[in-house]
1. Anything over 28 Å Cα to Cα? Flag those among Lys111/Lys132; Lys17/Lys66; Lys13/Lys90; Lys198/Lys219; Lys46/Lys90; Lys199/Lys237, in the order listed.
2. Go through the stretch 79-96 residue by residue and turn each phi into a ³J(HN,Hα) via Karplus (6.51, -1.76, 1.60, θ = phi - 60°); whole Hz please, and just put x for glycine and proline.
3. Averaged over every viewing direction, what's the projected area of the C-alpha convex hull for the chain? Give it in nm², one decimal, please.
4. Let me check against my output: what whole-number percent is the relative contact order of the stretch 162-266, with C-alpha pairs under 8 Å and at least 6 apart?
5. Toward the positive end of the charge dipole of the chain, about the Cα centre and with charges on Cβ (Lys, Arg +1; Asp, Glu -1), which of Leu174, Ala48, Leu21 goes farthest?
6. Out of the stretch 70-106, which trypsin sites (Lys or Arg not before Pro) are coil in DSSP terms and have no more than 13 other C-beta atoms within 10 Å?
7. Starting at the first residue of the stretch 54-67, write each ³J(HN,Hα) from the Karplus equation 6.51 cos²θ - 1.76 cosθ + 1.60 with θ = phi - 60°, in whole Hz, x for Gly and Pro.
8. Where the centre of each part is set by its Cα atoms, how far does the stretch 123-143 sit from the stretch 69-107, in angstrom?
Amino acid sequence: MSKKNSSTLFHNKIAEKYESLYVDQFWQLYLEVTWHNLKKYLPKKKGAIILDAGGGTGFWSRKIAKMGFNLVCTDVAQKMLDVGVRLAKKEKISDRIEFKNVDIINMKCFKDNFFDMVIAEGDPVGYCGDYKRAIKELSRVVKRGSYVSISVDSFYSTIGKFLRRKDFKSLNRLIKTHISEFTGGKYPQYNFTVEELKKVFETNKMKVADIIGKPVFTKFIPREKVNKILREKNIFKKFLEIENKFNNEPSIVGLSGHIQITGKKI
């Protein structure tokens, strides 16, 4: 997260239960798709330092730390970080993760070309209030030749969401500004097209290595139904295989719920 506004207050409020909100079968599939893509770009050397920007409670920091890497997990919601500290201690990896209260659009506490990789999962770039500054900062702090990987909400998918709700007021605003109200109108979020993401990465000296949708096909199935389907024997694996096989197909990425882009700093 970024920007000390209502979004910060919201995440401080839900910090204790935050990770429990993403445990159903749909979100487990989403997380597996994310991990399948992320791990391809992890640094070769163990002990490398990775920034988990807007990392909240450190879900990805903990997962990556267990592979032998060192993490700096930042967020503007201090209570999210407090939970992260506790969970890292519980899993006995606190020596590998440093938690810092830092705004993703102003990371002056970090030197240029410092980190061996930068990730920003969970849409912090979309709701930080200034995505261009955020991506500029992410590019600044990563080493040349290293990767930046971020996840954002899809513009076209959000159009579908408002159509389902017959919420034409929000839809008109979205079409004009690419901004939607996240979590029941609590704070604004920017929604991206694939071309926008490519352009802002290239503007900030990053060559796009990969763009995937997550999930692509599964999002078209009602949530209650897909959770039931994914609990059936051997079905989860089959869904995961299909998602990972086709989720970088250019003609469908933009229709996915979220877009994950990875770029290499040049």
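1. Table pairs above 28 Å Cα-Cα are Lys199/Lys237.
2. Karplus-based 3J(HN,Hα) across the stretch 79-96 equals 5, 5, 5, 4, 5, x, 4, 5, 5, 5, 5, 4, 8, 6, 10, 5, 6, 9 Hz.
3. Computed as one quarter of the Cα hull surface, the answer is 13.5 nm².
4. It rounds to 32 percent for the stretch 162-266.
5. Of Leu174, Ala48, Leu21, it is Ala48.
6. Lys92
7. x, x, x, 7, x, 3, 6, 4, 5, 5, 6, 4, 5, 8
8. A separation of 18 Å, based on Cα centres.
Just so you know, all these numbers are worked out from the coordinates, no wet-lab data involved. Note that the structure is predicted; figures quoted are calculated from it, not measured. Note: ideal-geometry Cβ built from the backbone for every residue, glycine included; neighbour counts use all protein chains shown.
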